[in-house]
1. Which residue, of Glu62, Glu86, Glu120, is within 15 Å of the chain's Cα centre (by Cα) and either more than 15 Å from Trp32 (Cβ to Cβ) or not hydroxyl-bearing (Ser, Thr, Tyr) (or both)?
2. Just wondering, is there one or more residues in the stretch 5-14 that are hydroxyl-bearing (Ser, Thr, Tyr) and at pLDDT below 50?
3. Which pairs do you get when a residue that is in contact (Cβ under 8 Å) with a residue 40 or more places away in the chain, found in the stretch 24-45, comes within reach of a residue that is exposed (fewer than 15 other Cβ atoms within 10 Å of the Cβ) and polar (S, T, N, Q), reach meaning Cβ atoms under 6 angstrom, with the pair 6+ apart or on two chains?
Amino acid sequence: MKKVFFLTLLILPFLSCTSDDENKEDPILGTWVSEGQSVTYYKSTWTFNEDFTGVFTDTETENDPDPYSEDFSWSVEDDLYTLVYEVEGTDGDDDVFKISSSLGEPVLVDLDDTTIAIKEE
């Protein structure tokens, strides 16, 4: 009986501990924005949810009454975020992003390190 009690005391601390990584909030969560004006005004947003879903919205005018919107699912592996858009009739166009930093602020960049969006606070 003493051996079972002793073994239980040895194993219990390992079972009750959790990794700090399991409790971290993924830095991608939230809304990322790309906004500007070339020939016309544009604003693109990606909103990432905790359940690995999200919404992409593309607005072509400042007061666009009907912006383009589509749902996506996302995953992360080796700090690369893959977005799979859920639009009927597409051939599975995916985006791959990573999070970087510019002037101390988080930015979403593509695989060529081109800034795609900044995090909205």
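The values are calculated or read from the model by the stated rules, or taken from the named source; none is laboratory data. Just so you know, these numbers come straight off a predicted model, no measurement behind them. Glycine gets a Cβ as well: all are built from the backbone with ideal geometry, and neighbour counts include every protein chain shown.
1. Selected residue: Glu120, the only one of Glu62, Glu86, Glu120 that is within 15 Å of the chain's Cα centre (by Cα) and either more than 15 Å from Trp32 (Cβ to Cβ) or not hydroxyl-bearing (Ser, Thr, Tyr) (or both).
2. yes
3. Correct list of pairs: empty, since none qualify.
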